[in-house]
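Structure record follows, encoded as structure tokens.
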Amino acid sequence: MSPAAFCASLLKWYDANGRDLPWRHTCDPYAIWLSEVILQQTRISQGTAYWQRFMQAWPTVETLAAATEDEVLKMWQGLGYYSRARNLHTAAQQIVALGQFPRTLEEIRRLKGVGDYTAAAIASMAFGVTAAAVDGNVYRVLSRLYAIDTPINTTEGKHLFTRLADELIHAAPHTALSPQGEETSGASLFNQAMMDFGATQCTPQSPLCLLCPFMEDCEAHRRGIAEELPVKLKKTKITTRHLIYIYVRCHGYTTIHRRGAGDIWQGLWEPPLFENQSLSQWPGHLRQLAIGVKHVLTHRILMADFYVLDTDQRPPLPDDYIWVPESRLSDYAVPRLVEKLVEMIA
Ligand code: SF4
């Protein structure tokens, strides 16, 4: 199948099956960038609600840049991977300092937190640049179509699939109508179509091969190995950490501090935490709230114990702890694990 034939079939598939998402009705690079950052590691249904809330609170890059990091983290709460929110905020300030949203791949790539994939997605969708946005969906579709077993998380694999995707996107028409009937660049439609095709048709498990326009040309389908592709090298070892949180309650106030750099949840707030330490130095009677609460992160499993200390005297704590009325605790961005603790207290 020639690249031009592939593009024609893909865009035809997209015309009939493309998802109607709010950021696909705009060329505003800010709105598109925001959607891309939110949707990394997040399902569309959940991400769409966050995107709408962000756009409502901060409709332009200038308004986002003027927000405080705390406000941005608070709005982000529940999405996880908080470095994305911090980078988003920093990059908004970079863009304001530049005077306009950068337009070329290289300039967009220089924004904090923006990798090759996001830069290509923004450049193609906002400015019509012919650049393939190669994400997990694209790796999967291409590895199956051509039955390529080069691991996708190796330099060789990345180069190979990027080259292949680039070759295909260059065969896309200059412009075409989107499924919503709007004239759009072919590069933008190609990238959107690949995302949707990978997400809804050529899915990780049980791809819909029998309804696929590429069924006859797909090498993996022909060999019956679609679900074995793509190949990924296993590298990361999952580690377990044991955390103990103490929720201190003193005359309607509780105490929290902000997590520093160099570990998970940088910039979020939490109650006093013990990790690999004894609780014996704590004054007063600790009431056990929950033991062994499991929380799974990408490369770690956290096992947490929660305790409550009801006290009339504020215990001595390091300087970075602040005391906040319990009724105002929800103003602070906290990790999901701490949210579980607060839910148990309520
Ligand atoms: S035939 Fe199956 S494996 Fe091949 S591209 Fe289509 S959905 Fe994916």
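With respect to the conditions (1) surrounded by 18 or more Cβ atoms within 10 Å (Cβ to Cβ); (2) at pLDDT 95 or above, L79 falls short on a single one, namely (2). Set side by side, the residues E219, E228 differ, and just one is among the acidic types (D, E), over 26 Å from R19 (Cα atoms), surrounded by 14 or more Cβ atoms within 10 Å (Cβ to Cβ) and within 16 Å of the ligand (Cβ to nearest atom), which is E219. When G99, G78 are screened for being in the same structural domain as A133 (by TED's automatic domain parsing) and under 21 Å from G267 (Cα atoms), only G78 passes. I'd like the residue in the range 179-215 that is assigned to a loop (DSSP other than H, G, I, E, B), of a type outside the set (A, V, I, L, M, F, W, C) and closer than 20 Å to M1 by Cβ and, out of all such residues, is nearest to the ligand (Cβ to nearest atom). Per the stated criteria, the residue is P207. In the range 248-260, the count of residues that are closer than 30 Å to V72 by Cα and within 16 Å of the ligand (Cβ to nearest atom) is zero.
Hey, does the range 106-119 have a residue that's closer than 30 Å to A220 by Cβ, modelled with pLDDT of 95 or more and either touching a Leu at 6+ places or on another chain (Cβ under 6 Å) or open to solvent by less than 20 Å² (accessible area, probe 1.4 Å) (or both)? Yes - at least one qualifying residue is present in the range 106-119.
Take I238 and tell me if it is in contact with an Asp or Glu (Cβ under 6 Å, 6 or more places away or on another chain) and away from the ligand (no atom under 16 Å from the Cβ). No: the conditions fail for I238. Tallying residues that are open to solvent by 20 Å² or more (accessible area, probe 1.4 Å) and touching a residue at least 24 places away in the same chain (Cβ under 8 Å) within the range 30-41 yields 2. Only one entry in E228, E275 is touching a strand residue (DSSP E or B) at 6+ places or on another chain (Cβ under 6 Å) and either not polar (S, T, N, Q) or not assigned by TED's automatic domain parsing to the domain that holds Y332 (or both), namely E275. Scanning the range 152-171 for residues that are farther than 17 Å from D217 by Cα and touching a Pro at 6+ places or on another chain (Cβ under 8 Å) turns up I152, G157, E167, H170, A171. Residues that are surrounded by fewer than 16 Cβ atoms within 10 Å (Cβ to Cβ) number at least 2 in the following strands (runs of 3 or more DSSP E) confined to the range 235-323: 239-249, 273-275, 286-296, 300-310. Might you let me know whether the range 171-179 holds any residue that is open to solvent by less than 30 Å² (accessible area, probe 1.4 Å) and modelled with pLDDT of 95 or more? Within the range 171-179 (the criterion being open to solvent by less than 30 Å² (accessible area, probe 1.4 Å) and modelled with pLDDT of 95 or more), the answer is yes, since at least one residue qualifies. Working only within the range 138-157, note down all residues that are assigned to a helix (DSSP H, G or I) and either away from the ligand (no atom under 16 Å from the Cβ) or at pLDDT below 95 (or both). Within the range 138-157, T155, E156, G157 meet the criteria.
Checked against the criterion of being within 24 Å of R43 (Cα to Cα), open to solvent by less than 20 Å² (accessible area, probe 1.4 Å) and in contact with a His (Cβ under 9 Å, 6 or more places away or on another chain), the range 189-207 contains not a single residue that satisfies it.
Inspection of the range 42-50 identifies no residue that is open to solvent by 20 Å² or more (accessible area, probe 1.4 Å), outside any helix (DSSP H, G or I), basic (K, R) and touching a residue at least 60 places away in the same chain (Cβ under 8 Å). Does the range 85-101 contain at least one residue that is more than 17 Å from W23 (Cβ to Cβ) and outside any helix (DSSP H, G or I)? The answer is yes, given that some residue of the range 85-101 is more than 17 Å from W23 (Cβ to Cβ) and outside any helix (DSSP H, G or I). G128 meets the conditions (1) closer than 30 Å to H174 by Cβ; (2) buried (at least 21 other Cβ atoms within 10 Å of the Cβ) in every case but one. The failed one is (2). Filtering L168, L233, L160 for residues that are of a type in the set (A, V, I, L, M), assigned by TED's automatic domain parsing to the domain that holds T118 and more than 16 Å from the ligand (Cβ to nearest atom) leaves a single hit, L160.
The values are calculated or read from the model by the stated rules, or taken from the named source; none is laboratory data. Since the structure is predicted, the reported quantities are computational estimates derived from the model, not experimental observations. FYI the Cβ positions are ideal-geometry reconstructions off the backbone, even for glycines, and counts take in every protein chain you see. We work out accessible area using only protein heavy atoms, side chains counted, and drop any ligands, DNA or RNA first. Shrake-Rupley method; radii C 1.70, N 1.55, O 1.52, S 1.80 Å.
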